[in-house]
Amino acid sequence: MNVNGRCHCGSITFEAEIDQAKVSLCHCTDCQTLSGSPFRSTAFSANNSFKLLSGQVKIYVKTGSSGAKRQQAFCPECGTPIYATSVPPGPVYGIRTGCIDMEQRRQLKPSVQIWTRSSMPWVDHIGGVKKVEQAP
């Protein structure tokens, strides 16, 4: 699937080819902290297809518990997380689904949840939480 996206302020735009059957939700504590959420959704680029169309991302290198270094790319203006990749970069980019075009994002149903040992105990019950279409 071809996707395109942007950061919140529009400074960063990109396109990529992804396998929509390989979208993940990560519950690790790093993703919780870096996303400001109880989990992060990621779609993976195929064959080094990620292309930055405008702007320049800021890179933060995170060393994981395995010792592997991962580039965390985000917009330097608004802070939107854009992707993560290895050091040196590529060939696979973990694109943060929140910055993919809304209509394309709606098609990206997660196929796996990882690092569930760190998940919030209530996450499996979110379907029963009261829903409000807009801010009350």
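Name the most mobile residue of 82, 126, 95, meaning the one with the largest mean-square fluctuation, in a Gaussian network model of the chain with Cα contacts below 10 Å.
Between 82, 126, 95, it is 126 that shows the largest mean-square fluctuation.
Enter the per residue convex hull volume of the chain, computed from alpha-carbon coordinates, in Å³ rounded to the nearest integer.
Details: hull volume 17.2 nm³, N = 136.
It comes to 126 Å³ per residue, whole-number rounded.
Which of 83, 93, 60 ends up with the largest GNM mean-square fluctuation for the chain, with Cα atoms connected below 10 Å?
60
Normalised by the residues of the stretch 13-102, what does the relative contact order come to in percent, with Cα pairs under 8 Å and at least six apart? Walk me through the numbers before you get to the answer.
Values: 164 pairs, mean separation 23.5, N = 90.
Relative CO of the stretch 13-102 lands at 26 percent.
Based on the mean of other beta carbon atoms within 10 Å per residue, what is the order of 29-40, 61-72, most packed first?
Details: 29-40: 16.2, 61-72: 11.7.
With the highest mean Cβ count within 10 Å placed first, the list reads 29-40, 61-72.
For the pairs 22/62; 69/109; 62/131; 69/130; 51/131; 58/109, flag any whose C-alpha to C-alpha distance is greater than 32 Å. Can you show the working numbers first?
On the way: 22/62 23 Å; 69/109 28 Å; 62/131 35 Å; 69/130 40 Å; 51/131 36 Å; 58/109 28 Å.
In this structure, 62/131; 69/130; 51/131 exceed 32 Å between Cα atoms.
Can you check what the net charge comes to around residue 82, using other residues whose Cβ is under 11 Å from the Cβ of residue 82 (Lys, Arg +1; Asp, Glu -1)? Numbers along the way, then the final one.
Values: positive: 6, 58, 96; negative: none.
With Lys, Arg at +1 and Asp, Glu at -1, the neighbours total +3.
Say we join alpha carbon atoms closer than 10 Å with springs in a Gaussian network model of the chain; which of 87, 57, 23 then has the biggest fluctuation?
Result: 87 has the largest fluctuation of those listed.
A short reminder: the numbers here are calculations on the coordinates, not readings from a lab. Computed from a predicted structure; not experimentally measured. Here the Cβ is made from the backbone with ideal geometry for all residues, glycine too, and neighbour counts use every protein chain on show.
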